[in-house]
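The values are calculated or read from the model by the stated rules, or taken from the named source; none is laboratory data. Predicted model, so just to flag it, every value in this text is computed and none were measured. Note that we place each Cβ from the backbone using ideal geometry, even for glycine, and neighbour counts take in every protein chain shown. All accessible areas refer to the heavy atoms of the entire protein, side chains included, with ligands and DNA or RNA removed. Shrake-Rupley method; radii C 1.70, N 1.55, O 1.52, S 1.80 Å.
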Amino acid sequence: PGTPNGSLFFEDADRIFPEFLDGLLRDYKVRGGRLHIAGHSNGGLSAYHVAARFPQYFTTVTGYPGLLDGQADPTRIQALKPLCLFMHVGDRDSGWLSAMRRQSESLRAQGFRIRYTVEKNQEHRLRAQEINLSPRLFDEIESCSP
């Protein structure tokens, strides 16, 4: 969805989500009553941000690439602990590769369910068809039990 008045999600535009998510759950038959959230790049950052703010709505979070903002409140980080977290990043994505590796290692050490995958011969914009990414993302989602 678009953000109110062009503001960014981390600048309080995330306030739209409870009503939006409630509408999705009301209007569609959602197995288990919980959603999966995913995004690429800024969408991956937003997916992690929204899931950390409103974890009760989600089962999985996927960034391809994407991660939780390093400035996130520790309470929000802990809110992700019951969820399955997935991170995919290209091995040639110098801007995201090390940050995502560090965060995944830190979260794993704290007992989070997280899978970090480095995609070979890929840059920031993963070429999903070339690396068969879509079916693998669905397999990851299906592997996570709420």
Pair list, Cβ under 9 Å, 6 or more apart: region 121-146 residue within 21 Å of Val30 (Cα to Cα), other residue in a loop (DSSP other than H, G, I, E, B) and among the charged types (D, E, K, R):
Pro146/Arg34
Under the condition of being over 22 Å from Pro55 (Cα atoms) and of a type outside the set (Val, Ile, Thr), which residue from region 109-121 is least open to solvent (accessible area, probe 1.4 Å)?
Glu119
Residue pairs, Cβ under 6 Å, 6 or more apart or interchain, first in region 22-47 and among the aliphatic types (A, V, I, L, M), second part of a helix (DSSP H, G or I) and surrounded by 16 or more Cβ atoms within 10 Å (Cβ to Cβ). List them.
Leu35/Tyr57; Ile37/Ala47; Ile37/Ala51; Ala38/Ala47
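One line per residue, one yes/no per condition, for (1) open to solvent by 50 Å² or more (accessible area, probe 1.4 Å); (2) touching a Ser or Thr at 6+ places or on another chain (Cβ under 6 Å); (3) in a strand (DSSP E or B); (4) among the aromatic types (Phe, Trp, Tyr):
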{"residue": "Phe86", "(1), (2), (3), (4)": "no, yes, yes, yes"}
{"residue": "Arg92", "(1), (2), (3), (4)": "yes, no, no, no"}
{"residue": "Gly95", "(1), (2), (3), (4)": "yes, no, no, no"}
{"residue": "Ser98", "(1), (2), (3), (4)": "no, no, no, no"}
{"residue": "Gln103", "(1), (2), (3), (4)": "no, no, no, no"}
{"residue": "Leu107", "(1), (2), (3), (4)": "no, no, no, no"}
{"residue": "Glu123", "(1), (2), (3), (4)": "yes, no, no, no"}
{"residue": "Gln129", "(1), (2), (3), (4)": "yes, no, no, no"}
{"residue": "Pro135", "(1), (2), (3), (4)": "yes, no, no, no"}
Go through region 109-118 and give me each residue that's in a loop (DSSP other than H, G, I, E, B) and not small (Gly, Ala, Ser).
Gln110, Phe112
Filter region 27-79 down to residues that are among the polar types (S, T, N, Q) and out of contact with any Gly (no Cβ under 9 Å at 6 or more places or on another chain) and give me whichever is most open to solvent (accessible area, probe 1.4 Å).
Gln71
Flag for Pro82 being surrounded by fewer than 16 Cβ atoms within 10 Å (Cβ to Cβ), at pLDDT 95 or above and within 15 Å of Ile37 (Cβ to Cβ):
yes
Please enumerate the residues belonging to region 14-26 that are in contact with a Pro (Cβ under 7 Å, 6 or more places away or on another chain) and open to solvent by less than 30 Å² (accessible area, probe 1.4 Å).
none
